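Single-structure report; data block below.
The values are calculated or read from the model by the stated rules, or taken from the named source; none is laboratory data. All figures in this text were calculated on a predicted structure; none of them were measured in a lab. For neighbour counting, all protein chains shown are included, and Cβ atoms are generated from backbone atoms with ideal geometry for every residue, glycine included. When the accessible area is computed, the model is the full protein with side chains, heavy atoms only, and any ligands, DNA or RNA have been set aside. Shrake-Rupley method; radii C 1.70, N 1.55, O 1.52, S 1.80 Å.
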Amino acid sequence: MKSKIAIVLLAAITFSCQMQLDELALSPNNNNGNSSTPGLSQNSNSGSIISNEVLIKFKSGISESGKLNALKAISGTIQEQIITQEMKEGGDEGFYVVKTNINAIEAINRAAGNSLIEVAEPNQIYTHQQTSVTPDDLYYGTGQLWGLNGTYGSNANVAWNNNNMGSSTIYVGIVDEGVMFNHPDLANNMWTNPNEIVDGLDNDRNGYIDDVRGWDFANNDASVYDGVSTNDVDAHGTHVSGTIGGVGNNSIGIVGMNWNVKIIPAKFLGTTGGSTANAIKAIDYLTNLKKSKNINIVASNNSWGGGGYSKLLLAAIQRADKAGILFIAAAGNAGTNIDLTKSYPASYVSPNIIAVSAIDVNGLITSWSNYGVKTVALGAPGANIISTVPGPNGVGYAAYSGTSMATPHVTAAVALYAAKNYPTSTSQAASQIIKKAIINNTIATPSLNGKTITGGRLNVGVVGFY
C-alpha cells in the first residue's frame, strides 16, 4: 500500500447474551422476514434463546387442523412459516417460528411427546466471535498486516508473487452482520446481482425484492448496510470482508488475501445478535444463488456462534455442502475444548465445515480461542487483525481480535485456491479437494499441537494456491 490513512477509533462491539424479558405483541407472518425479537433467556448449552418462541417442524403430510391441534398443546401460535427455495426444491415442507405463552424449554418438552411433530427446538441467538478493537497503523509494508506476510501469517504474499491474487469469478458469502459495500477498499469486490434491478419487483424470482447487493434477514429488507460513520453498526461484517477481499494495489488502506473476489452479504446478525431461523434463511439464500443462478459461491464465512445444537440449522449447512459451498466457522472465544463443550456451528459434523482457532503474531494460540483436536481443523491469524470498517467518508480501518478474524483468513484461502484451480464452477467434489488442500498444507505449529486436527496453521504459500 502506498499511502497512510488515519485509523478510525472504534469502541469494542459487545453483544450481551442476557436481556430483560420484553413482552412484545407478535402477529402471524408467512413471509420471509423477521418479526420483532422478544427477550432472551438462558439456554442449557450456555447460549441464549428467544424466550416464548420455538421452531417447529411437523412430520410430512400433517393437515392444517392437525398442526393447529399440536400447537394448542404448547399454547402456540404461528409467527412465521419458513420454507426457502432450497427447501421447496428438496421436497422439504419447511418449519414454523411459533410464539408460545409458556417458556420455550417447557414448550419443547411438551412437543417432544407429540407424534405430529418431527423437530421442536429453541430459536437460538448467535453473536459474532470478536473479542476486542485496537487502533493501529495501516501500512502493509511495515508488517502490520501480519496475517498476510508475517512470520506466522498465511503466506498470502507468496501466492501473490506467483501471480495468484484471486479472481472476480469466485464468490464468497458473508453470513454475518451487514457489509459496507461502498467502502473504497471493498467497493470493486462487492457483488451486484446481475438479474435484479431496484424497481420494487422480484426480477430474478428468488423470493427477495431488489436484492441487488444481497439480503438483510435481520430486518427483512434489501439494505445490507445499516451503519453510519459515527457508529459501529455492521462493522464486524465489514471487517471480515476486508480480510477476505480488500482491494489490492489501489494505493489506500489494507489489502485482503484476495485482491480480486466477489463478496455477497447475507446479513442475519443485528445489534443484539441473530436467530437460528434467520441464519438458516441466510445460508439457504447463498445455496439457492449458486444452484439456480449459477453463481460460483465457493464458501461462506461464519464468524459467529453461541447457540446449542440445531437439527434445522445443520440441515441448511448440509444443503450448502451438496451445492459445493464450504462452511468456514469460528471456533469461538471461550478458551475451551469444544470436543468436550460443544460450540455451534463449529461443532457440527458435516463434510463442508472447516472450524478455525486463532493464533497471535508469535504463533501462539490465543488464551481466549476455543480449540479441539477432533473438531477444529487448524489455526489462523486472529489477534490484532487490521481491516476495513465504516468511518468518515466511508474510509475506516481498525484492528480486531477474535476467532471471527481468524475465520476469514481461511475463507479467503478457499477463494484463492479456487481462483487457481476452479475459476468457473465448484462442485461438491471440488469443494472437498479445496478443503483437503487447506488441511494438508498447514504448517506444524507447537501451540496448536493437540489443539487442532492438523496441529498446524494456515499456509497458502505452496503450489496449488499458485
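I'm checking my understanding of the structure. Among residues of the stretch 256-272 that are at pLDDT 95 or above and open to solvent by 10 Å² or more (accessible area, probe 1.4 Å), which one is nearest to Trp160 (Cα to Cα)?
Only one residue fits best here, namely Trp259.
Quick test of your reading of the structure: Ala159 fulfils all but one of (1) touching a helix residue (DSSP H, G or I) at 6+ places or on another chain (Cβ under 9 Å); (2) in a loop (DSSP other than H, G, I, E, B); (3) farther than 21 Å from Ala266 by Cα. Name the failing condition by number.
Checking Ala159 against (1) touching a helix residue (DSSP H, G or I) at 6+ places or on another chain (Cβ under 9 Å); (2) in a loop (DSSP other than H, G, I, E, B); (3) farther than 21 Å from Ala266 by Cα, the one that fails is (2).
Which one of Ala277, Ala282 is assigned to a helix (DSSP H, G or I), open to solvent by less than 10 Å² (accessible area, probe 1.4 Å), out of contact with any Ser or Thr (no Cβ under 9 Å at 6 or more places or on another chain) and farther than 21 Å from Ala429 by Cβ?
Only one candidate passes the filter, namely Ala277.
Looking at (1) open to solvent by 10 Å² or more (accessible area, probe 1.4 Å); (2) modelled with pLDDT of 95 or more, find the lone condition where Val97 falls short.
(1)
Results for (1) surrounded by 14 or more Cβ atoms within 10 Å (Cβ to Cβ); (2) under 29 Å from His236 (Cβ atoms); (3) of a type in the set (D, E, K, R); (4) at pLDDT 90 or above, shown as yes or no for each residue.
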| residue | (1), (2), (3), (4) |
| --- | --- |
| Met19 | yes, yes, no, no |
| Ala25 | no, no, no, no |
| Ile56 | yes, no, no, yes |
| Glu64 | no, no, yes, yes |
| Lys67 | yes, no, yes, yes |
| Thr77 | yes, no, no, yes |
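Thr411 versus (1) closer than 30 Å to Asn231 by Cβ; (2) among the β-branched types (Val, Ile, Thr); (3) out of contact with any strand residue (DSSP E or B) (no Cβ under 9 Å at 6 or more places or on another chain): which is the lone unmet condition?
Tallying (1) closer than 30 Å to Asn231 by Cβ; (2) among the β-branched types (Val, Ile, Thr); (3) out of contact with any strand residue (DSSP E or B) (no Cβ under 9 Å at 6 or more places or on another chain), Thr411 fails exactly one: (3).
Name the residues in the stretch 295-314 that are more than 13 Å from the chain's Cα centre (by Cα) and touching a residue at least 60 places away in the same chain (Cβ under 8 Å), would you?
Ile295, Asn296, Ile297, Val298, Gly307, Gly308, Tyr309, Ser310, Lys311, Leu312
Find all pairs meeting these conditions: Cβ atoms under 6 angstrom apart; at least six residues apart or on different chains; first residue within the stretch 114-129 and surrounded by 21 or more Cβ atoms within 10 Å (Cβ to Cβ); second residue among the aromatic types (Phe, Trp, Tyr) and outside any strand (DSSP E or B).
Within 6 Å, the pairs are Thr127/Phe15.
Select, from Ile102, Ile82, Ile13, the only residue that is open to solvent by less than 40 Å² (accessible area, probe 1.4 Å), modelled with pLDDT under 95 and closer than 29 Å to Gln130 by Cβ.
Ile13 is the lone residue from the list that is open to solvent by less than 40 Å² (accessible area, probe 1.4 Å), modelled with pLDDT under 95 and closer than 29 Å to Gln130 by Cβ.
Limited to the stretch 382-428, what total is found for residues that are more than 20 Å from Thr452 (Cα to Cα) and either without any contact (Cβ under 8 Å) to a residue 40 or more places away in the chain or within 18 Å of the chain's Cα centre (by Cα) (or both)?
6
Name the pairs whose Cβ atoms lie under 6 Å apart, with the first residue in the stretch 448-466 and on the phi > 0 side of the Ramachandran plot, the second among the polar types (S, T, N, Q) and open to solvent by 10 Å² or more (accessible area, probe 1.4 Å), and 6 or more positions between them or separate chains?
Taking only residues 6 or more apart or on different chains, the pairs are Gly455/Asn449.
Return yes or no: is Thr424 open to solvent by 20 Å² or more (accessible area, probe 1.4 Å), assigned to a loop (DSSP other than H, G, I, E, B), among the polar types (S, T, N, Q) and more than 18 Å from Ile338 (Cβ to Cβ)? Lay out the reasoning, then the answer.
Values: open to solvent by 20 Å² or more (accessible area, probe 1.4 Å): yes; assigned to a loop (DSSP other than H, G, I, E, B): yes; among the polar types (S, T, N, Q): yes; more than 18 Å from Ile338 (Cβ to Cβ): yes.
Yes.
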